Every structure is written in C-alpha cells, then in structure tokens.
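Okay, structure first, notes after.
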Amino acid sequence: MSDERREWPLWEVFVRSKRGLSHQHVGSLHAPDAEMAVRNARDVYTRRQEGVSIWVVATADITASSPDEKDAFFDPAADKAYRHPTFYHVPEGVRHL
Amino acid sequence: MSDVAEYALRLGDDALVLSHRLAQWSASAPEIEEDIALTNIALDLLGQARRLLTIAGVREGQGRDEDDLAYLRPEREFRNLRIVELDNGDFADTIVRQLLFSTYQLSLYAELTASTDPDLAAVAGKAVKEVAYHRDHAVKWTLRLGDGTQKSHERSQAALERLWPYRHELFETDELTARLIDAGVAADPAVLRSTWDPFVAAVLDQATLTAPEDGARKPTGGRRGQHGEILGPMLAEMQWLHRSAPGVRW
C-alpha cells in the first residue's frame, strides 16, 4: 500500500426497513472497505431506526445501462399497452386478487 | 455526598468529558462519514452522562440537576479519568484512546447491569449496547491503522506509547469503590482488568502494534479532581454558553 493519501471508494447502500421485504437503495457513501462501509451506513442511514438490515455494494461493481441507450432500451415499450394487465375482466366471485 | 452519588459522578464525568472531546471532531474528521461516526459516539456518551449526572444530583440531595453538575462545577470538582480529558491529537490518538477506554467502559457497564443499585443497573443496561458498537468501531480502525500504511502504523504506535501509561488509572480502587463493591453496587476493577488485558492485547497483536514497557509514569488523580492543565480550556469552552446565559434553551 502506498503512503499517498487517496480518496476512499464509493459504496451504494441498501437498507431493509422493519416492515419491508426487500432492501431499498437509500444512497451512497465513502468508506475504505466493505466492512467499514456497513458501519458508516449504519451511522449515516439508520440513525432514526430506518432499518434492520444493511447491504453495501461497491459502486464500481455496478454495471448500469447508459443514458445514451435510453431510447433503444426504453422507448419501444411505450406503445405496448397490452403488456399491462388491464385488459382482463376479473370474474365475479374471485377473491384475494 | 452519598457513595452512589460520587460513583455516578465519576462515571458520568468520564462520559461527559469524552463526549465533548469527540464532538470536537465535528467537521474535522478525515472524511465526513467518520465525522458522523465519531459524533454519533459522542451523542451516545452524552446521553449516558445526562442519566448518570441526574442520578448523582438526585442521590446527593442538594437540588442540583444534570446541567448544574455539567456546567457549573469548576475543574477540581470533575471526577473523570485522565485519559478522557487528553486533547484529541491526530486520528490515531483518538482511535487508540477509544480502544483503551471503550474496552474498559464496555466491561464496566456489563458488570453494572447486575448492580444492586437499580438506577445504575438501568443506565448500564441501555448503555452496554451503545458501547459495544463504540468498541467495535475502535477495534476496526485500530486494525486498519496499525496494519495499514507505514505512516498509519507509526502514528498509531506513537499514540499507543502516549496513552498506554494512562490505563493504570482505569483500574484503581479507593475506599469508595471498596465500599461499593462490597455492597454489590460498583464493578470490581480487578474483574474489569481480567477482561481488558487479554482483549486489548489480542487487538494490538492483530494490528501489529506493540504494547510499550511500563515506565515510572502512571498519570492518576482524576477521581480526586487532580487533572492535567488541558481540562481547564476544554471546560471553559463547554461551559461558556450555560454560564453566559444560565438556563438557556434552544
């Protein structure tokens, strides 16, 4: 390791709330490594009892879609309304739907 | 002053003074995340100090509340350990102090959960979880600094050399603690030391740090109000607002 001061890497933080089923992205922070990132996340994002579980992921490890690809990725879905389940009639007597 | 009042005052002053020292890192820590971590710990300690000073005031029976005790006592009436009043130094100094002190405080509170004094047991029961996190934070950082870069290793070793002599005072006994231990109220320093020594030794070893040889210097006197000259300026800063505007509220 070099003695030169370097910026800490960035981590994305996911917190599962007490009633939540899945971890939700809550923000990002800097930390020297994953273990410290979990601790920093505890101090930054769960100070007000927001969560019961924390995940952190190195931001550099996330592969994201590019803004340049936005049109090709998402526009084709715009005119395919039939993909929404709004064309089905729910028969009377069906419960728990 | 009753024995319990004096004992609560000692523990409360430890928490109060260290809380203020850690709060001084606000906006000065190496990274904003660490800034928040240290001031979170400071707030935990402040909460403990408030509860302990309240107990001290009630048991003393002279009508003093937590604010009177925190803000209106002069330096010689503070009963904190010497190690908590030292200036923050660099980040390594602060982390090594956190390691030495929170390891002590964690076993202290763990013992006090079984105190025959219900007020002290209640404070300890709440605080023990907080301090478990403080110790974890200190251990994690000690390992990273001690076994990190050459510079971080040198600085944490230097911090250890500076702070090591102060550990003796953590485990001192006097007539007051002897009476309270007999009554099942206070924690026995001999018991605390039996967990402190091996725990700290293991962390230092893993962090590639070396415990210094014991010298003649063993700073003490905090429990009797004999402090380093460094405490006065800190109290002046801490007490200034309350003394200028007595009873002021946000």
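Any read-out appearing in this document is the output of simple, stated calculations on the displayed coordinates, not a laboratory observation. As the structure is a computational prediction, the values presented were derived from the model and not from experiment. Cβ: placed from backbone, ideal geometry, glycine included. Neighbour counts: every protein chain shown.
What the table below lists for this structure:
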| item | result |
| --- | --- |
| Nearest 10 degrees, 0 to 90: helix A:34-45 Cα axis against chain A principal axis | 70 degrees |
| On Cα atoms only, tilt of B:189-206 relative to the major axis of chain B in degrees | 30 degrees |
| Binned Cα-Cα distance frequencies in the protein assembly as shown - 20 Å width, integer % | 26, 49, 16, 9, 0 |
| Over chain A, relative contact order from alpha-carbon pairs under 8 Å, at least 6 apart, % | 26 percent |
| Alpha-carbon gyration tensor eigenvalues x 5, square-rooted, for region B:207-250, Å | 36, 15, 8 |
| Euclidean distance between Cα centres, region A:8-86 to region B:216-234, Å | 49 Å |
| Pairwise FRET efficiency - B:Asn88 versus A:Ser28, Cβ, R0 = 35 Å, nearest 0.05 | 0.80 |
| Per-q log10 I(q)/I(0), region B:1-59, q = 0.12, 0.27 Å⁻¹ (Debye; single scatterer per alpha-carbon; no solvent) | -0.33, -0.92 |
| Nearest 10 degrees, 0 to 90: helix B:3-23 Cα axis against chain B principal axis | 50 degrees |
| Longest exposed-site-free window of chain A, the sites being GluC sites (Glu not before Pro) in a DSSP loop that have at most 10 other C-beta atoms within 10 Å | A:8-91 |
| Additional length obtainable on full extension of the chain from A:Phe73 to A:Ser53, 0.36 nm per residue less Cα span | 4.0 nm |
| Relative contact order %, chain B, counting alpha carbon pairs below 8 Å whose residues are six or more apart | 25 percent |
| Overall form of chain A per C-alpha gyration tensor (a/c, 1.5; a/b vs b/c) | oblate |
| Ranked A:Asp43, B:Asp65, A:Asp75, criterion: other C-beta atoms within 10 Å, fewest first | A:Asp75, B:Asp65, A:Asp43 |
| Region B:33-64 residues near the modelled B:Asp119 label - backbone nitrogen below 13 Å, point 7 Å along Cα→Cβ | B:50-64 |
| Surface/4 of the Cα convex hull for chain B, nm² | 13.2 nm² |
| Theoretical gain in end-to-end length, B:Ser2 to B:Asp35 [0.36 nm per residue, Cα-Cα removed] | 8.0 nm |
| Karplus (6.51, -1.76, 1.60) ³J(HN,Hα), θ = phi - 60°, over region A:81-92, in Hz, Gly and Pro reported as x | 4, 5, 6, 7, x, 10, 9, 9, 8, 8, x, 4 |
| Spin-label model distance (nm) - A:Ala64 vs B:His168, 7 Å beyond Cα toward Cβ | 5.7 nm |
| Residue-averaged beta-carbon neighbours from other chains (10 angstrom radius) around B:151-158 | 1 |
| Gain upon complete extension [B:Leu241, B:Asp197; 0.36 nm per residue less C-alpha separation] | 11.8 nm |
| Cα→Cβ-extended label distance, 7 Å offset, between A:Leu21 and B:Asp147, nm | 4.1 nm |
| Candidates per chymotrypsin sites (Phe, Trp or Tyr not before Pro) in region A:11-97, loop by DSSP, up to 12 other Cβ within 10 Å | A:Phe87, A:Tyr88 |
